[in-house]
Amino acid sequence: MKRSLSLASLMAQHYSPPQLIQLAADTACDAVAVRLSPTAPGGIAWRLMDDPALLRETLATMAGTGIGVLDLELIRINAGFNLADWQSFAEVGAKLAAKHVLVIGDDADEARLIDHYGALCDLLAPNGLTADIEFMPWVPCRDLASAKRVLAAAARPNGGVLVDALHFARSGSRLDQLDDIPREWLHYAQICDGAVPGPATNEGLIHDARCERLLPGEGGIDLRALFGRLPPDITVGIEIPSDSRAPVIGYTEWARRAKAATLEVLGKR
């Protein structure tokens, strides 16, 4: 069985979508993530909703390389979430034939988070998109148990949970908590490695996640056990940013090493 592999936007976050698509083609990956909205104000994002020329170039590069868009990043559901703000995001996702949207549950009011998440699922569904909650230890939806509660309560057919290896290992989530997840909730997962336990502060956790992850096999995450609990045909997003190493050896070489280490851990399938 050939693994379907996608390059996350953090692999080269300063690359435009066409550049990232070409990087995926050059490293024989299958797809990419496109970041349409920043993780924080002022962060890097490629707002194809507002840039028709870049959207046309992205679509042309997809057609020329055969590389698809796996997921769109990201929608943060916080206390001030406004569903109307995301209509054009969803429409661009349909134009890109993207499959999934990465969602952050950043509202401590869980009942309100569930309501907003359900409404977001309903907005995304007509555009062929799932809404995949990526739990992170520094936001209210911090672990797998939290994400499962939101998904079960919202009960939408296009709901999903995104298991990121780093956040899984550092949030106190357990392997056995994966065993009762409905298969239809698992659309893709993200691989990397890192020290376990991680930094003691949220600032340290965020820095590691966005800037300095390790190649599979370099850290303390039991990736074989984790991916052994996930469906064998699940698409794997390679999300291994390294501000210290990638610029030195070049982003193409870094992506090649990341892919090779990923396949080594996953059994070269």
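The values are calculated or read from the model by the stated rules, or taken from the named source; none is laboratory data. The shown structure was predicted, so the numbers you read here are calculated from the model rather than taken from an experiment. Positions of Cβ are backbone-derived with ideal geometry, glycine not excepted, and every protein chain shown enters the neighbour counts. Ligands, DNA and RNA are stripped out before the accessible areas are found, and what is left, the full protein with its side chains, is counted by its heavy atoms. Shrake-Rupley method; radii C 1.70, N 1.55, O 1.52, S 1.80 Å.
Which sequence of THR65, THR27 reflects their accessible areas, 1.4 Å probe, from the largest down? Display every interim value, and only then the final one.
Details: THR65 45, THR27 10 Å².
Per-residue accessible area, sorted high to low, gives THR65, THR27.
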**OP:** Report relative contact order for the range 1-85 in percent, whole number only (criteria: Cα-Cα under 8 Å, sequence separation at least 6).
**Re:** 32
Original post:
Any idea what Rg and Dmax come out to for the range 152-269 if you just take the C-alpha atoms, in Å?
Top reply: 14.8, 46
**OP:** Compute the relative contact order of the chain as a whole-number percentage, counting only Cα pairs closer than 8 Å that sit 6 or more residues apart in sequence.
**Re:** 18
**OP:** Report ³J(HN,Hα) in whole Hz for each residue of the range 258-264, in order, from the Karplus equation J = 6.51 cos²θ - 1.76 cosθ + 1.60 where θ = phi - 60°; Gly and Pro get x.
**Re:** 5, 5, 4, 5, 4, 5, 4
Original post:
So what J values fall out for the range 232-239 if you push phi through Karplus, 6.51 cos²θ - 1.76 cosθ + 1.60 with θ = phi - 60°, rounded to Hz, Gly and Pro as x?
Top reply: x, 9, 5, 5, 10, x, 8, 10
Subject >> Amide proton proximity set for CYS192, modelled H, under 5 Å, gap of 5+ >> reply: ALA165, LEU166
Original post:
Counting Lys and Arg as +1 and Asp and Glu as -1, what is the net charge of the other residues whose Cβ lies under 15 Å from the Cβ of ASP50?
Top reply: 0
**OP:** Compute the separation of the alpha-carbon centres of the range 1-60 and the range 201-269 and state it in Å as a whole number.
**Re:** 17
Original post:
Summing Lys, Arg as +1 and Asp, Glu as -1, what charge do residues with Cβ under 12 Å from the Cβ of SER88 carry, SER88 excluded?
Top reply: -2
Subject >> Nearby aspartates and glutamates by direct alpha-carbon distance to LYS259 (threshold 19 angstrom, same-chain neighbours under 8 apart not counted) >> reply: ASP26, ASP30, ASP71, ASP164, ASP193, GLU212, GLU218, ASP222, ASP233, GLU239, ASP243
Original post:
For the chain, modelled as a Gaussian network with Cα springs under 10 Å, which listed residue fluctuates most, ILE133, ILE221, ILE249?
Top reply: ILE249
**OP:** Using only protein heavy atoms and a 1.4 Å probe, report how much of ARG56 is accessible, in Å² to the nearest 10.
**Re:** 150
**OP:** Report ARG35's accessible area, 1.4 Å probe, all protein chains in place, as a number in Å² to the nearest 10.
**Re:** 20
Original post:
Residue by residue through the range 17-22, which ³J(HN,Hα) values in whole Hz follow from phi under the Karplus form 6.51 cos²θ - 1.76 cosθ + 1.60 (θ = phi - 60°), with glycine and proline marked x?
Top reply: x, x, 5, 5, 4, 5
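For the pair ASN202 and ASP233, what calculated FRET efficiency results from E = 1/(1 + (r/R0)^6), where r is the Cβ-Cβ distance and R0 = 25 Å, to the nearest 0.05?
About 0.15, to the nearest 0.05.
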Original post:
How far apart, in nm, are the 7 Å Cα→Cβ label points at SER4 and ASP222?
Top reply: 2.9
Subject >> Computed helical MRE - 222 nm, the chain, DSSP H runs ≥ 4 contributing -39500 (n - 2.57), nearest 500 >> reply: -11000 deg cm²/dmol
**OP:** Report, by chain and number, residues whose modeled amide H sits under 5 Å from the one on THR235, excluding near sequence neighbours (fewer than 5 apart, same chain).
**Re:** ALA189
Original post:
To the nearest 10 Å², what's LEU120's accessible area with a 1.4 Å probe?
Top reply: 0
